[in-house]
Structures are given as structure tokens and as C-alpha cells.
Amino acid sequence: MELDYKEIGRRVARRRKQLKLTQEFLAELVDVSPQYISHIEHARSIPSTEVIMRLAIALETTPDEFLVGTARHEDQRWRTISERLRGMSDGQLDMIENFITWVAERMGHL
């Protein structure tokens, strides 16, 4: 499965607007620039796994909503997982992303 970054951007923008947040306020919550939020929403930038997780927390949803269009609001495991990812280095996040991809491939989700 290849990710559609235009659709991811639209989903981020849609959720942000549902919560009546500005790009500036969301950027502050996620600790990125407002320009970067705009670039994500318009598919000019590809967000890292960490940024997707921080967006999910800030927008009170799960990464699923952005990546595949469905959310699991009732499942708080995402919040716990994303909090654990926050302090990790880029190398550690790459390793986790590779592991998730490996598991998904074996389960037939990619």
C-alpha cells in the first residue's frame, strides 16, 4: 500500500477544521512551524512518523485517521504509544517504522 500524501493532508486539514483550530495553533501544539502544517495539508511536505503521532495527539485522534481514513477514538493505546515515541531519536524512530512495516507486511496489511 502506497501512502497518498494529498489525502493525508486533506484529512489533517479536515480534522483541524472540525476542532476549529488554526494552523498556527496546531503548529504550536505539535511543535512545528505553521508553514510546515500548511505544507503537510497541501502535500508539499511528507510528515515523519513522529509528526503524524504528534498531530494525532493534538487533533485528538489516532494516526489511522490520517493514514487510512479511519480512527479509533476509543483506543487510548495510541496516546500511550505516541508519548513513548516523542523522546526517541530519528534512528530509533526509523527502526520502529521498519518494524511496523515488517509486521504489517507479514499480516497482509501492506
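Within the range 1-14, the only residue that satisfies the criterion of being within 13 Å of the chain's Cα centre (by Cα), of a type in the set (A, V, I, L, M, F, W, C) and open to solvent by 40 Å² or more (accessible area, probe 1.4 Å) is 3. Scanning the range 32-49 for residues that are under 22 Å from residue 84 (Cα atoms) and either surrounded by 19 or more Cβ atoms within 10 Å (Cβ to Cβ) or modelled with pLDDT of 95 or more (or both) yields 32, 47.
Can you name the residue in the range 15-74 that is in a loop (DSSP other than H, G, I, E, B) and under 8 Å from the mean Cα position of the chain (by Cα) and is also farthest from residue 95 (Cα to Cα) among such residues? Checking each candidate, the answer is 62. Say we look at the range 75-87 and pick out the residues that are open to solvent by less than 80 Å² (accessible area, probe 1.4 Å) and outside any helix (DSSP H, G or I); which of these is modelled with the highest pLDDT? Filtering first and then ranking leaves 87. Only one of the numbered conditions (1) open to solvent by less than 30 Å² (accessible area, probe 1.4 Å); (2) at pLDDT below 85 is not met by residue 59, and that is (2).
The values are calculated or read from the model by the stated rules, or taken from the named source; none is laboratory data. This structure is a prediction, so every number in the text was calculated from the model and none was measured. Note: ideal-geometry Cβ built from the backbone for every residue, glycine included; neighbour counts use all protein chains shown. These area figures cover heavy atoms from the full protein model, side chains too; ligands, DNA and RNA do not enter into them. Shrake-Rupley method; radii C 1.70, N 1.55, O 1.52, S 1.80 Å.
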